[in-house]
Structure formats: structure tokens, C-alpha cells
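Derivation of every value follows stated rules applied to the coordinates shown; laboratory data play no part. Computed from a predicted structure; not experimentally measured. Cβ sites come from the backbone with ideal geometry, for glycine too, and all protein chains shown count toward neighbours.
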Amino acid sequence: MILQAVDFIQVIADIVAAILNFLNPIVSPMGMWMVNWMEYVLQFFPKDDLTVYIIIAIVIVILGLFVNIAWPGNKKPGFLVKAEEIDENIEKKASELEEKVELKAEEIEAKIKKKQKKTKKKAKKIEEKAEDLEEKVEDFEDELEDLEEATGKLEENAKNLEEIAEEFEEKTEELEKDIEEIKKESEDD
């Protein structure tokens, strides 16, 4: 198990080495620059004298004291308090806007419902008018059928009357002929 871990670490090391070899033209100048500036800075920190290190420690402790005095315990820094106040104001405004939007939405829904009711009433009235018109049309159709039947009967009566009139004409012609014959006979006598 340990040998497998060592093999795994060796594989990771080989991968990192391959990456560094590939990036060698970029990494080498950066490494040289880092070495140079650290050597330059370390010249200011003597190896045998501890006074510089003591001064740095004292400055860090004093800065820590000031930070703790300015922000003791759970007290947050002023900029964080202001940021929280801004967040709270934003949340209040957002909730107020949400309430306004909800009220407007409710008003719009109420208007839509009213308009729906009005349109339903109008649709019912139109349906009633349509039913009335359909009934009137049916009545007119019935009357038309009655009139057609009556005209059919009148036509039949007219044909009958024509036939009777033709018969009367024929009879009158026959009577006229008879009258003429009688006149001729009476004149001849």
C-alpha cells in the first residue's frame, strides 16, 4: 500500500516536471527575478541582529491593538455596517415594489374578471337575440310554407276556374251557334 502511494507521488512528480520543462522558458526568468529581489530585501534584514525583527513584531502588535480597539468583539467595521444598511434598504424597497406589483396585479385581475363578466352577459344577450331571430325565421318559414300551400291551392283553383271558363266559352260558342242556326231557320221560314 505504501509502495503504491510512493508510485502515485512519483507519477504526480513526473507530470509536474513535464509541465515545468514545457514552461521552462517562462518559469526560469520569473524564478531568477524572484531570487534577485528576495536577496535584495534580505540585505536589509541582518542575520545576527534581532532589533529589526523586534521592531516589526512591535509594529504588528500595535496595529493589532488599534484594529481590536476600532472593531472590538462582534462589532463590525463601519463599511460593513453601511453595506448591511444598504442591503436592508434594498430589501425594503424590493419588498415595497413587490407589494405594489401584487396590488397592481390584483387590480388588473379584478378588471379582467369584470370585463369577462360583461362579455359573458353580452354573449348571453347575443345568444338570446339569436334564438329570437331563429324563432322568427322559423315562424316566417312556417308562414312561407302556409303561403306556398295557399298559392298552390289558389293555382289549382285558378286552373279549375280556367277549365270552367273554357267550358263556359265552349258552351257559349255552342249556344251562339245554336242561336245563329235558329235565326237562320227563323229567317228562312
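One table, with the values for the structure above:
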item	result
Radius of gyration, Dmax [the stretch 28-137; alpha carbons; angstrom]	39.0, 122
Rg [Å, one decimal], Dmax [Å, integer] - the chain, C-alpha atoms	61.1, 194
Alpha-carbon centroid distance for the pair the stretch 146-189 / the stretch 2-42, whole angstrom	140
R0 of 25 Å, Cβ-Cβ distance residue 6-residue 26: FRET efficiency to nearest 0.05	0.25
FRET efficiency, 1/(1 + (r/R0)^6) with R0 35 Å, evaluated for residue 90 and residue 113 via beta carbons	0.55
Rough spin-label spacing in nm, given labels placed 7 Å along Cα→Cβ, for residue 55 and residue 19	4.1
Over the chain: helical MRE at 222 nm, DSSP H runs n ≥ 4 each giving -39500 (n - 2.57), nearest 500	-33500 deg cm²/dmol
Full-extension gain in nm, residue 171 to residue 185, via 0.36 nm per residue minus C-alpha separation	3.0 nm
At least 24 Å along the helix axis (C-alpha) and Kyte average at least -0.5, DSSP helices within the chain	2-22, 24-42, 51-70
At most 13 other Cβ within 10 Å, DSSP loop - trypsin sites (Lys or Arg not before Pro), the stretch 107-150	none
Cβ-defined net charge surrounding residue 160, 11 Å radius [Lys, Arg +1; Asp, Glu -1]	-4
Pairwise label distance in nanometres, residue 36 with residue 66, each label 7 Å out on the Cα-Cβ vector	3.5
